[in-house]
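Trainee: Encoded as structure tokens, here's the structure I'll be asking about.
The values are calculated or read from the model by the stated rules, or taken from the named source; none is laboratory data. Computed from a predicted model, the values in this text were never measured in an experiment. Positions of Cβ are generated from backbone atoms using ideal geometry, with glycine treated the same way; all protein chains shown enter the neighbour counts. For the accessible areas, the whole protein counts, side chains as well, though only heavy atoms, and no ligand, DNA or RNA atoms are used. Shrake-Rupley method; radii C 1.70, N 1.55, O 1.52, S 1.80 Å.
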Amino acid sequence: MRTELLTDEEIYQKVILDMVPNTKRFLWIGTADIKDLYVNKGKTMVPFLEILSDLLQKGVEIRLIFAKEPGPAFRKDFDKYPTLIKGLEQMHCPRVHFKTIISDGKTAFTGSANLTGAGLGAKSKNNRNFEAGILTTEPMFIEKLMTQIDQLWIGENCRTCGKKQYCSEWQQFETKPTKKRS
């Protein structure tokens with residue numbers, strides 16, 4: 001596979017059920033909206049956060065960048081997984097609108113779907129959003145997506161951002177060393 005257009009349930013099947021759980025080293029997720037999201041794990045439905053917790057326990061590094069503060073159901077699920085509290089690297093940026101998931105720097109998805117049940121979750125076709133995106137293993141495409149996330153992660157845009165008053169993160173970049181990916 002080089003690049004493939006995915007729509008609707010194909011995104012859930014190929015990204016959430018296949019790409020994400022098979023990540024070995026690092027997983028980067030960027031989303032505008034983040035809500036409780038349930039997925040199949042074996043024969044049961046579990047919070048997507050459980051999949052992330054499982055990955056952290058295997059030594060996978062996870063970055064999560066989101067624009068909108070998660071809702072109460074997401075926060076309640078989050079608190080059930082102590083591994084997330086200790087190991088999930090997260091950043092709030094109110095200007096993030098991209099929806100991107102990168103696995104090991106080798107596979108990437110980018111498209112319209114937020115990290116929500118209706119966007120990426122196991123909702124039925126009668127309840128899910130109509131979504132589209134690109135799944136790719138094309139190195140130049142992935143590099144550009146990784147650069148975008150890296151620049152946000154190290155605060156490259158924070159000093160000149162016009163939304164500092166809405167951002168709880170920006171002040172840390174005045175003293176935070178800039179560490180790009182290895």
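Trainee: Taking the Cα centre of the chain as origin, sum charge times position over the Cβ atoms of Lys and Arg (+1) and Asp and Glu (-1), and report the length of that vector in debye to the nearest 20.
Mentor: The calculated dipole for the chain is roughly 260 debye.
Trainee: Order 57-66, 123-132 from most to least packed using the mean count of other Cβ atoms within 10 Å.
Mentor: The packing order, highest mean first, is 57-66, 123-132.
Trainee: Probe of 1.4 angstrom, ligands and nucleic acids ignored: what's the accessible area per residue over the chain, in square angstrom?
Mentor: Numbers: 9840 Å² over 182 residues.
Result: 54 Å² per residue.
Trainee: Using modelled amide H (1.01 Å from N, peptide plane; none on Pro or chain starts), what sits under 5 Å from the amide H of GLU61, excluding residues fewer than 5 places away?
Mentor: The list, which skips near neighbours in sequence, is PHE26, LEU27.
Trainee: Quick one: which residues, 5 or more positions from LYS41 or on another chain, have an amide H under 5 Å from its amide H? H modelled 1.01 Å from N in the peptide plane, none for Pro or chain starts.
Mentor: Long-range HN contacts for LYS41: VAL46.
Trainee: So if I take the alpha carbon set of region 17-85, get Rg, then get Rh from the Kirkwood formula, what is the Rg over Rh ratio?
Mentor: Rg/Rh for region 17-85 comes to 0.93.
Trainee: Please name whichever of LEU64, THR31, SER53 sits farthest to the positive end of the charge dipole of region 24-94, dipole taken about the Cα centre and charges placed at Cβ: Lys and Arg +1, Asp and Glu -1.
Mentor: SER53
Trainee: State the percentage of accessible surface on the chain attributable to carbon and sulfur atoms; use a 1.4 Å probe and exclude ligands, DNA and RNA.
Mentor: Working: 5040 of 9840 Å².
Carbon and sulfur: 51 percent of the exposed surface of the chain.
Trainee: Taking θ = phi - 60°, what integer Hz values does the Karplus form 6.51 cos²θ - 1.76 cosθ + 1.60 yield along region 151-156, in sequence order, with x for Gly and Pro?
Mentor: With the stated coefficients, region 151-156 comes to 4, 5, 4, 8, x, 4 Hz.
Trainee: Right, another one. Round to a whole angstrom and tell me the spacing of the C-alpha centers of region 143-157 and region 74-130.
Mentor: The two parts, judged by their Cα centres, are 18 Å apart.
Trainee: What whole-number volume per residue, in cubic angstrom, does the convex hull of the C-alpha atoms of the chain give?
Mentor: On the way: hull volume 22.4 nm³, N = 182.
Residue-normalised Cα hull volume stands at 123 Å³.
Trainee: Enumerate the calculated ³J(HN,Hα) couplings along region 137-148 in order (Karplus 6.51 cos²θ - 1.76 cosθ + 1.60, θ = phi - 60°), each rounded to whole Hz, writing x wherever the residue is Gly or Pro.
Mentor: Karplus-based 3J(HN,Hα) across region 137-148 equals 10, 6, x, 5, 5, 5, 4, 5, 5, 5, 4, 4 Hz.
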